[in-house]
Amino acid sequence: MSIPGVIYYEPYPPFIQTDNINISMIYCSNCGAQVVERIPAGDSRSRHVCLSCQTVHYQNPKIVAGCIPERDGRLLLCRRAIEPRHGLWTLPAGFMENGESTEQAAARETMEEACARVENLVLFGVFSIPHISQVYMIFRASLANDDFRPGAESLDVRLFEESEIPWDELAFPVVRLTLQRYFSDLQKQEFPLHVEDIIRPPRRHP
Ligand code: ZN
C-alpha cells in the first residue's frame, strides 16, 4: 500500500537502516568508558550516555550537499569508484564538513568528485530520507568551464543530454528523484524549490 504524496523507491542503498535507533556505540568518545543506553531527564528518546563523564552522545541526521552541474544544456554525472553503489552514476554530493556552508560543501564535493568548478548555485531541493537519517540539499549550478575529470572517488565523469541519462544505472533514489524533477522543471522553465521525503516502502508480509 502506498500513501498519496509520498514517494517510494526501490531498491535501497545498503546503508545502515537506522529507523531512529542510535547507531551502535560501545565506548565513550570523550573518556573511553563504556556507555549505556538511557533516556536522559527531560528527553523522550534513548541515548548513549556515559555514566563516567556524564556525556550524552546525541546522534542527529547528517546533511548531504550536492550539485546539478549544468553546461550548455547538459548535466555532469560521476560514475562512482567507491562503495556503496560502485560503478553507478550519481550527482556530485557528499557529507558537509564542519565549518562550511551548504553551498561551499556542494561546490567542494563537485571539485573533489569531478575536479570541476561550479558557480551561481541556487537551491533546487531539500530531500529528507528519514530511514537513513540523511537530508540532501541539492543546488542547481553552472559549470564554470569545460575543465573536469574524475576525482579520486570517481571512475568517470561525463556530460549527459537528457536523452542520454543512464536511468537504469543511477546510484541512489535521491539522484533519480532529483533528475526527474529537474527535467520536468526544465520543460516548464520553472524551478520551484522542491521539499520532499523519500520513504522506505512498508515491508511486505508473505
Ligand atoms: Zn565518558
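Read-outs: derived from the displayed coordinates by stated rules, not from any lab. Remember, predicted model here, so these are calculated numbers, not experimental data. Note: ideal-geometry Cβ built from the backbone for every residue, glycine included; neighbour counts use all protein chains shown.
Scanning the range 143-161 for residues being touching a residue at least 40 places away in the same chain (Cβ under 8 Å) and surrounded by fewer than 16 Cβ atoms within 10 Å (Cβ to Cβ) gives a total of 6.
For the range 146-163, the criterion of a residue being assigned to a helix (DSSP H, G or I) and either touching a Cys at 6+ places or on another chain (Cβ under 6 Å) or aromatic (Phe, Trp, Tyr) (or both) is satisfied by no position. Checked against the criterion of being in a loop (DSSP other than H, G, I, E, B) and under 30 Å from Asn60 (Cβ atoms), the candidates Glu113, Glu97, Glu103 yield just one match: Glu97.
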